[in-house]
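Beneath this line is the structure, given in C-alpha cells, with notes to follow.
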Amino acid sequence: MDTINVVSRTETFSTCQRPLPCGHYCGGVANEVSCAPCMVRGCQDHNYHGDGHCPVCTEPWTSKPVIQIVCGHVFHSECMRQMLTNRWHGSRITFGFMLCPLCKNSLSHPDLYEIMSPLMHLYDKIKTKALTRLQHDGLFQDKDITQPSGKYYKDPAGFAMDKYAYYMCSKCQEPYFGGEGRCQDEVEESDPKELICPLCSDTTKNKVCSRHGSDYLQYKCRYCCSLATYHCFGTTHFCDPCHSNHTVVHGKPTANLPKCPSGPCGKQLPGSSCPLGIAHPPTGEEFVIGCALCVNSSSF
C-alpha cells in the first residue's frame, strides 16, 4: 500500500499529518503529543503495517487514527477510548479495562490522560479502602502475599482488591464495600439502579462514625443474631450461613422470621439471651452495631 492511499483513507478521521523520519505521514491522532509508528507496510520492522488490523475491533489499521501505548502495542485510538468509557463489565468494580488487551500492562498514553485521570482517582480510592480493611482483618500476612508461590506475592493491594468487592452507588456515585469478592460468583448480576450504598439506602439508620464514615460500620445479620459479613442487593447485610441460603431467608415476611435469639437460616434458638449481647430491632430489620475500626459505637 502506498503512502497516498494510507493518507486518503485516514485523513477523514482527523489523523495526524506530520511527516515521520521515514518520510511517510503519521497515521495517528491529530495534534497528538507523540506520533504513532509508520503504518506503511515494509517501512518499519514491526507488525503494525497498513494492511493489518486492530486487535480490538479487527478493522484495518488505516480505517481510524491509531495510538501506541507505553508498552509498545498499537490500537485504534477510538477503541481505547471506548474501552475506557465502557469501564468495567458487570456490577462489581474491576480495573482490567485499564490494561493493554494484549500484555496487561498499563494503557498509559498522553492522549488518554484526560479520560484516565478520574479512573485512576477511583482506583486509588478503592485501593485505600481495601488496604484499610485488609489491615483491620489482619490479613497482611496471608500466605498469598508472603510466600513466593502466592498469587499476590508482595502485592497486598492486589490481594485486597481481589478479596473485597466494591460497587458504584447509583445515587451518590461513590464506591462502597459490598462484601467479599466470592459473593459476586454466587449471586446474579444486579441492575445498576439497585446498587445503593448503606448511606443512600438508609441501612445506617443515620449512624455514621465521626472518624471513619460509613465504610467500616459493623452490622448485625438481618435474619439472625450473628455478625454480618456480606452486604448484598444494596440493602441487606447477611452472615455467612444466611448469605449461602439467601434464597430461603431473603424477602421472607418479617412475621415468619424467628425472634431473638435467632440462629442462621431461620432457626429459632432456645432461651432469651441474644448471642451478640446487644439490644436490637426485630429480626428482618437492618441494624448497625458500631464502627468496626473503633470497635464500639461511641463515635456515632
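The values are calculated or read from the model by the stated rules, or taken from the named source; none is laboratory data. This one's a predicted model, so the numbers in the text were calculated from it and none came from an experiment. Positions of Cβ are generated from backbone atoms using ideal geometry, with glycine treated the same way; all protein chains shown enter the neighbour counts.
Does Ser108 satisfy the condition of being assigned to a loop (DSSP other than H, G, I, E, B) and over 30 Å from Gly28 (Cβ atoms)?
no
Please pick out the residue among Glu59, Glu78, Glu11 that is surrounded by fewer than 16 Cβ atoms within 10 Å (Cβ to Cβ), of a type in the set (Asp, Glu) and either at pLDDT 85 or above or on the phi > 0 side of the Ramachandran plot (or both).
So the residue among Glu59, Glu78, Glu11 that is surrounded by fewer than 16 Cβ atoms within 10 Å (Cβ to Cβ), of a type in the set (Asp, Glu) and either at pLDDT 85 or above or on the phi > 0 side of the Ramachandran plot (or both) is Glu59.
So how many residues does the range 223-243 have that are surrounded by fewer than 19 Cβ atoms within 10 Å (Cβ to Cβ) and of a type in the set (A, V, I, L, M)?
Number of matching residues: 1.
So which strands (runs of 3 or more DSSP E) are wholly in the range 217-256 and hold at least 1 residues that are in contact (Cβ under 8 Å) with a residue 60 or more places away in the chain?
Strands (runs of 3 or more DSSP E) meeting the threshold: 217-220.
Answer yes if at least one residue in the range 104-119 is aromatic (Phe, Trp, Tyr) and within 25 Å of Ser14 (Cα to Cα), and no otherwise.
Looking for residues that are aromatic (Phe, Trp, Tyr) and within 25 Å of Ser14 (Cα to Cα), one finds at least one in the range 104-119, hence yes.
Every residue in the range 15-35 that is among the polar types (S, T, N, Q) and either under 14 Å from Trp61 (Cα atoms) or modelled with pLDDT of 85 or more (or both), please.
Thr15
Looking at the range 59-98, which of the residues that are in contact with a Lys or Arg (Cβ under 9 Å, 6 or more places away or on another chain), in the same structural domain as Val29 (by TED's automatic domain parsing) and small (Gly, Ala, Ser) is farthest from Glu180 (Cα to Cα)?
Ranking the candidates gives Ser63 first.
For Phe233, which of the numbered conditions (1) within 17 Å of Pro198 (Cα to Cα); (2) of a type in the set (A, V, I, L, M, F, W, C); (3) in contact with a strand residue (DSSP E or B) (Cβ under 8 Å, 6 or more places away or on another chain) fails to hold?
So Phe233 meets the others, but not (3).
Would you point out which residue out of Leu99, Leu122 is touching a Pro at 6+ places or on another chain (Cβ under 7 Å) and closer than 30 Å to Ala36 by Cα?
Leu122
Of all residues being small (Gly, Ala, Ser) and out of contact with any Phe, Trp or Tyr (no Cβ under 9 Å at 6 or more places or on another chain) in the range 110-145, which is surrounded by the most Cβ atoms within 10 Å (Cβ to Cβ)? Just the residue, please.
For the range 110-145, the residue satisfying everything is Ser117.
If the requirement is being at positive phi and at pLDDT below 90, which of these qualifies: Gly271, Gly284?
Gly271
Only one of these conditions is not met by Leu107: (1) over 27 Å from the mean Cα position of the chain (by Cα); (2) surrounded by 15 or more Cβ atoms within 10 Å (Cβ to Cβ). Which number is it?
Checking Leu107 against (1) over 27 Å from the mean Cα position of the chain (by Cα); (2) surrounded by 15 or more Cβ atoms within 10 Å (Cβ to Cβ), the one that fails is (1).
Name the residue, out of Tyr123, Tyr113, that is in a helix (DSSP H, G or I) and under 16 Å from the mean Cα position of the chain (by Cα).
Result of the check over Tyr123, Tyr113: Tyr123.
Of the conditions (1) crowded, with 20+ Cβ neighbours inside 10 Å; (2) part of a loop (DSSP other than H, G, I, E, B); (3) in contact with a strand residue (DSSP E or B) (Cβ under 8 Å, 6 or more places away or on another chain); (4) not aromatic (Phe, Trp, Tyr), Ile196 fails just one. Which one is it?
(3)
Report yes if some residue within the range 152-160 is among the aromatic types (Phe, Trp, Tyr), in contact with a Phe, Trp or Tyr (Cβ under 9 Å, 6 or more places away or on another chain), buried (at least 17 other Cβ atoms within 10 Å of the Cβ) and assigned to a helix (DSSP H, G or I); otherwise report no.
Yes, the range 152-160 contains a residue that is among the aromatic types (Phe, Trp, Tyr), in contact with a Phe, Trp or Tyr (Cβ under 9 Å, 6 or more places away or on another chain), buried (at least 17 other Cβ atoms within 10 Å of the Cβ) and assigned to a helix (DSSP H, G or I).
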